[in-house]
Amino acid sequence: MQETLRPTLEITEHYYMSHIRSLIFNIIFWIMGPLWVVMVLVPLSFMPSPVPMRRAIMMWFDAVFFLLDIISGITVEERGIENLPTDKGFILCCKHMSNLEALIAYRRMPNLTALAKAELFRVFGFKQVLEKMEVISINRGKGEAKDKTPEIAQFLLAQKIPLLLFVEGTRIPVGKRKRLKSGVFYLQKDVDIPVICASTNTGVHWLKGSPFNRPGTIVMEYHPAIEGGLGKEDFMDRVKENVVIHSEKLMGIEGRDDEGEARSESRSPGPV
């Protein structure tokens, strides 16, 4: 009888230990993260050079992935790194299911930028941090984003930096789909700038709305650039295939479309 119960007890013990370790990691992450921003990044953002602040960001990200490994048993594998340009600006369209996609992308590309709502630039401290990171301010309420698409693309090319876009606009639960925002099409429509798609299985290991993480390997896969000259429908189909459907393949699931998902919504790129 005792021998029969032993495997069950071991599984139960492993289950609870995994949850306890997840709670420990999340407590550290959600307490130390804001403290690091306020006590380290904000003061460094007032220095003339952005280098010290960017180094501090990388130190925090390295600490996060180290703690994920030793506490939660989560490691990261990146595929297709050779598809990321190193000598020019480009757009990175990524699947968004957790807090990790941006961290993985930024650690790989420390000069990465993003779009952010103009309201964030009015907050003292955050304004300086965002400006040092060359985050691009947009005012979505006034339709400014769609008017600035050529300017944004030219800025990326001139500065030779990548732009991170979450084309779904928000974090999406595993197994669900959302209409993609077509702003990325307009960003590259009149400007010769590479568009790279990234698929991932982060949502399986860092669950949206849950304090518990699941041990295993997180995969971030960077696909070859989408060829230029495509019409809007064909272009967005390529984005969906690489960002959404391939992510579902990495997770071993088949996603479910929301009603009307077949059409792309809003040409605004939207903040990440």
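Bear in mind these aren't lab numbers, they're just calculated from the coordinates by the rules spelled out. From a predicted model like this one, the values you see are computed outputs, not experimental measurements. Cβ coordinates were reconstructed from backbone atoms using ideal geometry, including for glycine residues, and neighbour counts include every protein chain displayed.
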Checklist line | Built amide H within the under 5 Å cut-off of L180, gap 5+ | finding: E265
Notebook entry, point to check: Once the mean 1/r over all distinct Cα pairs of segment 108-236 is inverted, what Kirkwood radius in angstroms do you read off?
Noted result: 16.7
Check: ³J(HN,Hα) across segment 228-244 via Karplus (A = 6.51, B = -1.76, C = 1.60, θ = phi - 60°), whole Hz, x for Gly/Pro?
Finding: x, x, 7, x, 4, 5, 5, 4, 5, 5, 5, 4, 4, 4, 7, 7, 8
Note to self: Could you tell me the ratio Rg/Rh of segment 19-66? Both radii from Cα atoms, Rh via Kirkwood.
What the structure shows: 1.09
Next item on the list: Would you kindly compute the Cα radius of gyration of the chain and its largest Cα-Cα separation (Dmax), both in Å?
Entry: 19.9, 72
Next item on the list: Quick one: which residues, 5+ away or cross-chain, put their amide H under 5 Å from the amide H of I161? H built at 1.01 Å from N.
Entry: G89, F90
Notebook entry, point to check: Using the Karplus equation 6.51 cos²θ - 1.76 cosθ + 1.60 (θ = phi - 60°), what ³J(HN,Hα) coupling, rounded to whole Hz, does each residue of segment 148-153 give in order, writing x for Gly and Pro?
Noted result: 9, 4, x, 5, 5, 4
Check: Residue-wise, which Karplus ³J(HN,Hα) couplings in Hz belong to segment 162-177, taking 6.51 cos²θ - 1.76 cosθ + 1.60, θ = phi - 60°, and x for glycine or proline?
Finding: x, 10, 8, 10, 9, 6, 7, x, 7, 5, 10, x, 4, x, 10, 10
Next item on the list: Give the long-range amide H neighbours of E78: residues separated by 5 or more places, or on another chain, with amide H under 5 Å away, using H modelled in the peptide plane at 1.01 Å from N.
Entry: M220
Notebook entry, point to check: Summing Lys, Arg as +1 and Asp, Glu as -1, what charge do residues with Cβ under 15 Å from the Cβ of Y106 carry, Y106 excluded?
Noted result: +1
Next item on the list: Would you please give the FRET efficiency between Y16 and I81, computed as 1/(1 + (r/R0)^6) with r the Cβ-Cβ distance and R0 = 25 Å, to the nearest 0.05?
Entry: 0.10
Next item on the list: Taking the Cβ of S72 as the centre, find all other residues whose Cβ is under 9 Å away and add up their charges (Lys, Arg: +1; Asp, Glu: -1).
Entry: +1
Note to self: Using only DSSP helix segments of four residues or longer, with each worth -39500 (n - 2.57), what per-residue ellipticity at 222 nm results for the chain after dividing by its residue count and rounding to 500?
What the structure shows: -12000 deg cm²/dmol
